[in-house]
Amino acid sequence: MINENGEWIMRGLDWDNPYRIRTWKKLIHWINEVGFLPLFANEIEGFSAEEHVSPDFWWTNDPEQDPWLWREYIAKSHEIAYGKFFDKKAGFISIKWLPYFANYRRDGYDFDARWQDGLANIREKNIMDFYISEDTDGETVWKTEEILSAELKKLAGFGKEGAKNYPGIVTALQMNLYLVITDFRRRRNKNGAEYGMPVSVMFPPETIWGYDTITAAYRETPRNSWERIVERARKVFPESNMDSIIKLIGKEPN
């Protein structure tokens, strides 16, 4: 996606191109093959969903061809993790690769341990408190009640008179794999009627895929997980350079 004279131009493949991805389920298949994939085009040629679909159907609300809707279907399917994972921008991670991203991005910390060690701020905790708690034995409890992002903003104390930078805090929690987007829903008015554009529903990935799955790579160092991810990106896109990979994936951990 590039901006030319104030107009956004989408990249992509011609309609008749045999390599064009034609359905959201085919996109899931390809993400699983690659391992992880940004939604929009970036400095690495070919390393995005955008460049492999038709450029003509974005934001058309065509359920068969609109990639903007496809991302909703993929998030709802729970077959792939979706969120702002790449340079604070949207993308997908396969379940196979999710533990390595979680280990690297979290630096081996569950959120409660991160908070206890003073590595998380109070705005992050106020959000995460809606998703995790402790039982009487001090064990972590993963809450399953859905909450729209727009409602979470108010309940967590953000707004004109409250805490600032809700979008930035939520993005940081996604970048660190403490939250993923699992659905999109429209808000409802007092009469129960839906209105407006769909807004995201988020959960910790542990709630969706289980704690053991998400933390499976904790047995290796965050650096080893980072190296795995970088090596995978270089293998799939051998013409990419390290600066571009690091921009998307993140810096080498200490």
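The values are calculated or read from the model by the stated rules, or taken from the named source; none is laboratory data. Just so we're clear, the structure is a prediction, and the values are computed from it rather than from any experiment. When we count neighbours, we look across all protein chains shown, and the Cβ atoms used for this are built from the backbone with ideal geometry, even at glycine. Heads up: the accessible areas ignore ligands, DNA and RNA and are worked out on the full protein's heavy atoms, side chains in. Shrake-Rupley method; radii C 1.70, N 1.55, O 1.52, S 1.80 Å.
Below is a table of values for the structure above.
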read-out	value
Whole-number percent relative contact order across the chain, with pairs defined as alpha carbons under 8 Å at least 6 apart	20
Stretchable slack from ASP16 to ASN121, in nm (0.36 nm times residue separation minus alpha-carbon distance)	32.8 nm
Student exercise, region 169-241 dipole from Lys, Arg, Asp, Glu Cβ charges, in Debye to nearest 20	300
The chain - share of DSSP beta bridges that are antiparallel (%, nearest 5)	95
Residue of ARG106, ARG219, ARG22 that the Gaussian network model of the chain assigns the largest fluctuation, springs spanning Cα pairs under 10 Å	ARG219
Contact order normalised by residue count of region 35-129, Cα under 8 Å, 6+ apart, percent	22
Size of charge dipole - region 101-213 - debye, nearest 20, with Cβ of Lys, Arg +1 and Asp, Glu -1, no other charges	940
Among ASN189, TRP59, ILE28 the positive-end extreme of the charge dipole of the chain (Cβ point charges)	ASN189
Long pairs among LYS76/LYS153; LYS84/LYS247; LYS25/LYS76; LYS153/LYS247, criterion Cα-Cα beyond 19 Å	LYS76/LYS153; LYS153/LYS247
Positive dipole terminus of the chain, leading residue within ILE80, THR215, VAL201 (C-beta point charges)	VAL201
Among TRP15, TRP24, TRP70: highest mean-square fluctuation, GNM of the chain, C-alpha pairs under 10 Å	TRP15
Selection from TYR166, ILE122, TYR109, by position along the positive dipole direction of region 84-175 (Cβ)	TYR166
Distant-in-sequence amide H partners of ALA163 (H built 1.01 Å from N, under 5 Å)	PHE158
Residue of GLY12, GLY35, GLY162 that the Gaussian network model of the chain assigns the largest fluctuation, springs spanning Cα pairs under 10 Å	GLY162
Rough spin-label spacing in nm, given labels placed 7 Å along Cα→Cβ, for GLU194 and LYS164	3.6
Calculated FRET value between ASP129 and GLU239, using beta carbons and R₀ = 41 Å, to 0.05	0.35
In Å², nearest 10: area of ARG223 left accessible to a 1.4 Å probe	100
Test item: Cα-centred dipole of the chain, Lys/Arg +1 and Asp/Glu -1 on Cβ, debye	380
Under 18 Å from the ILE246 label point (7 Å along Cα→beta-carbon), backbone N, region 96-129	104-105
